[in-house]
Amino acid sequence: MQIQELIPLGPKTTMRIGGNAQYYAELQTQRDCEEAWQFAQGKGIPMIVLGAGSNTIFADGVIEALVVRVLANAIEVSGNTVRAEAGASLATVVTQLAKRGLDFSPLTGIPGTVGGAIFGNAGQGPQGTWIDHFVQTVVVFIDGEWKTLSREECDFRYRESIFKKLQNPLLWKTTFSVPSRKAGDIEQDIGSLLKKRTIAQPFSRTAGSCFKAVNGTPAWNVIDAAGLKGCKVGDVQVSDKHANFLINTGNGTFADAKHLIEEIRQKTGAPLELEMRFIGESGSPLR
């Protein structure tokens, strides 16, 4: 494992916003994780895990932290049991399992990694299927120790998990139980879901869904009803295509995104909770 200094974070996120990581490392093995944690402890700074860069926006200055990315991405299949490392692309897992007649199709079109999906309990909306539906256990590195948590211990809820409450946990591997179905039928459903997402959602410089649903009402509905599609601060804009997506239209900044979120909350008057992560210069998440 090599630790680098002052690495630009914008290019590592899908919204292309963010300053520099004070320290940065890519993790291939569990030993890498342990060494990274020890380094961060020695420096007295947090260790922040970055997945594929979706759902995360970093502040514009120097992030006083060790930012790490898990590259381990092995996928093992035994019957209906699937073990996937945190760095595996969720889209890759969905398509590979489909070929084996294993139905992960409800997670079609969700960007990012398995680790990121577990952290935020990704899924198709408040009434849809979330990734926790398939989870058996999760291996995670917390406070210098490796632990294996059951599905119940993960405390999954809509867009929530115990990992959001812990101090910078590092998810490593998840064991899933995935139902069987005809491969052709699964692949057909995947194609249909991807087509719907292409029509309904923007595929540009965005971090994905910005807010959680409000009392079961999709956030896009609340924002759209307030006439905020196209609303813009600096170079960050509410998507014209889907009101719960913020788009970097040029040289958008963390400050632009933060101010736009404040404006959305003010004009909707709704208790909109963030679904994406906003990481400040201290390495702490903003709310």
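Mind checking which of 72, 136, 108 is farthest towards the positive end of the chain's charge dipole, using Cβ charges of +1 (Lys, Arg) and -1 (Asp, Glu) about the Cα centre?
After comparing all options, I get 108.
Taking R0 as 41 Å, what FRET efficiency do you get between residue 80 and residue 262 from their Cβ-Cβ distance, rounded to the nearest 0.05?
That pair, residue 80 with residue 262, gives E of 0.35.
Given a cut-off of 25 Å, name the pairs among 12/43; 165/196; 229/258 whose C-alpha atoms lie farther apart than that in the structure shown.
165/196
What's the Cα-based Rg to Rh of the chain, Rh via Kirkwood?
The Rg/Rh ratio comes out at 0.96.
Calculate for the chain the 222 nm mean residue ellipticity that helices alone would give, adding -39,500 (n - 2.57) per DSSP H run of length 4 or more and normalising by residue count, nearest 500 deg cm²/dmol.
-7500 deg cm²/dmol
I want the antiparallel fraction of DSSP beta bridges within the chain, as a percent rounded to 5.
Taking every DSSP beta bridge with both residues in the chain, the antiparallel ones total about 75 percent.
What lysines could a cross-link reach from residue 182, if we take a straight Cα to Cα line under 20 Å and drop same-chain neighbours fewer than 8 places away?
The qualifying lysines are 99.
Using a Förster radius of 22 Å, what is the FRET efficiency between residue 41 and residue 165 based on their Cβ-Cβ separation? Nearest 0.05, please.
0.60
I'd like the distance between the alpha-carbon centres of the stretch 30-90 and the stretch 185-211, rounded to an integer number of Å.
25 Å
Hey, rough spin-label estimate for residue 249 and residue 200, points 7 angstrom out along Cα→Cβ, what's it come to in nanometres?
Distance between label points: 2.5 nm.
Rounding to the nearest 20 debye, state how big the charge dipole of the stretch 1-144 is about its Cα centre with +1 on each Lys and Arg Cβ and -1 on each Asp and Glu Cβ.
360 debye
How large is the dipole of the stretch 1-65 about the Cα centre if only Lys and Arg carry +1 and Asp and Glu carry -1, each at its Cβ, rounded to the nearest 20 debye?
About 160 debye.
Test of the criteria: in the stretch 186-287, which chymotrypsin sites (Phe, Trp or Tyr not before Pro) are in a DSSP loop and have at most 15 other Cβ atoms within 10 angstrom of their Cβ?
Counting only loop positions with at most 15 other Cβ atoms within 10 Å, the chymotrypsin sites (Phe, Trp or Tyr not before Pro) in the stretch 186-287 are 203.
For the chain, set up a GNM with springs between Cα atoms under 10 Å and report which of 94, 77, 62 has the largest fluctuation.
With Cα springs under 10 Å in the chain, the top fluctuation among 94, 77, 62 is at 77.
Would you mind working out the magnitude of the charge dipole of the chain relative to its Cα centre, with +1 at each Lys and Arg C-beta and -1 at each Asp and Glu C-beta, to the nearest 20 Debye?
720 debye
Which of the listed residues, 274, 11, 95, is farthest toward the dipole's positive end in the chain, when Lys, Arg count +1 and Asp, Glu count -1 at the beta-carbon?
Final value for the positive-end residue is 95.
Readers should treat all values here as calculations from the given coordinates under stated rules, not as data from a laboratory. Since this is a predicted model, take the numbers as computed values, not measurements. When we count neighbours, we look across all protein chains shown, and the Cβ atoms used for this are built from the backbone with ideal geometry, even at glycine.
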